[in-house]
Amino acid sequence: MNNTERTEPVIATYLHEKGGRLGLPVSGTFELTSRCNFSCPMCYVHDQMKDSDNLSSELSAEQWINIAQSACDSGMMFALLTGGEPLLRRDFFEIYSAMKSMGLMISVNTNGSLLKGETLRKLIENPPFRVNISLYGGCAETYRNMCGNNAFADVTGAILSLKDAGVDVRLNLSLTPMNKDDMQIIYEFANENGIHIKFNTYMYPPHRIKDTDTASHSRFTPDEAARYSSQWDYLRLGEEEYKKRCERILANTFLSDDECMVDMDKGVRCRAGRSSFWITWDGKLLPCGMMTSPAVSLNLLSFTEAWAYIKAESENLYLPEHCVTCSKRKICNVCPAVCVSETGSFKGIPEYLCQYTDELISFAKDYMDKQ
């Protein structure tokens, strides 16, 4: 597997770039529910609603479909259906089929545990553009400890079933203190099966949930996060490419491998509020799901009006002056969402990320010194 492959088609990158210049909402994330059958401590949404509690607060299928149609009329071409666990909704396929009939390129985020039987069959018969599955561990024990659900066999079975059926499946790995020992196993599973995997050691502070104390235990120290990130880069890149990456780090060259990231001096560095949006399970339109503001309720404004508001507000989101002038800003993943989630203010300096970046430089320097 080529671990440096693009994660999206070139045409999608082009359309987002053009949409950003024109102010069009090219892609949207639809957070269909906050309910989940897992209880992962680092989740940014899952305690908003447990089981069937306050189920009436979720938007109905009809509301989601109407919002999607309005977004399509405004220029949306790509949609991500996520949660919580979106497949918990009994009307998931009603929403999915209606949105797909609009001509949208749809991706689905899922933990994979419910992809079996009739649900798996329906998705294979009418496949989305992509299925993104979170793989939280390399064994049943890790799943029990981290997710509160012994679903390892179901998840890996679903991944392989989708792949065998020709459905494009990608994996997401959020590495935390609870699953760090499975990193090598997870990498080998993805590599042996030729499946792209997106890896992250940075967990946003859980500002959208109530139990912040529990979620805080899912974060590495900045040193640990940088160390495991460096180890992963070595695994996926190999020695020659990893050496080049270290050289880029030490030369302070723009580092992101994510096509949605751009090298901007001051503002939002991704597509949030420029060509993409996020809608929460209860109908709030946001630039990014890692923010709580700016936000506007789609119960109060039409999608067109809400997008115009979010787009205008996003243009006024700037990094702190300290970050703008920092000599390490090109290799630091700081953005307004990080600042506000780490400090409570868009003007706050995210010390965690400062320390993380310093450690990343230190690991790169140590590696190059040994060459």
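Key figures for this structure:
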| quantity | calculated |
| --- | --- |
| Spin-label pair residue 193/residue 369, simplified geometry with 7 Å Cα→Cβ offset, distance in nm | 4.1 nm |
| Rounded accessible area per residue of the chain, 1.4 Å, Å² | 44 Å² |
| Dipole of the chain, positive end: most advanced residue of 169, 306, 157 [Cβ charges, Cα centre] | 306 |
| Sites residue 140 and residue 223, calculated FRET efficiency, Cβ-Cβ separation with R0 25 Å, nearest 0.05 | 0.25 |
| Principal axis dimensions, the chain - Cα atoms, whole angstrom, descending | 59, 46, 41 |
| Reachable lysines, given that their alpha-carbon falls under 20 Å from the alpha-carbon of residue 116 and they are not under 8 places away in the same chain | 163 |
| Unsatisfied cross-links (Cα-Cα over 22 Å) in the set 328/365; 198/244; 284/330 | 284/330 |
| Separation of the residue 63 and residue 116 label points, Cα + 7 Å toward Cβ, nm | 3.3 nm |
| Rough spin-label spacing in nm, given labels placed 7 Å along Cα→Cβ, for residue 330 and residue 347 | 3.0 nm |
| Carbon plus sulfur fraction of accessible area for the chain, probe 1.4 Å, in percent | 49 percent |
| Assigned charges on the beta-carbon of Lys, Arg, Asp, Glu; the stretch 222-371 dipole about Cα centre (debye) | 280 debye |
| Residue-by-residue Karplus 3J(HN,Hα) for the stretch 238-246, coefficients 6.51, -1.76, 1.60, Hz, glycine and proline x | x, 4, 5, 5, 5, 4, 4, 5, 4 |
| Dipole magnitude of the chain about its Cα centre (Cβ charges: Lys, Arg +1; Asp, Glu -1), debye to nearest 20 | 520 debye |
| Burial ranking of peptide ranges 354-365, 332-343, 24-35 (average Cβ count within 10 Å, highest at the top) | 24-35, 332-343, 354-365 |
| Mean shadow area of the stretch 51-183, taken as a quarter of the surface of its Cα convex hull (nm²) | 8.9 nm² |
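The values are calculated or read from the model by the stated rules, or taken from the named source; none is laboratory data. Predicted model only: the values in this text are computed from it and were never measured. In this analysis, Cβ positions are derived from the backbone assuming ideal geometry, glycine residues included, and neighbour counts consider all displayed protein chains. These accessible areas exclude ligands, DNA and RNA; they are computed on the full protein's heavy atoms, side chains included. Shrake-Rupley method; radii C 1.70, N 1.55, O 1.52, S 1.80 Å.
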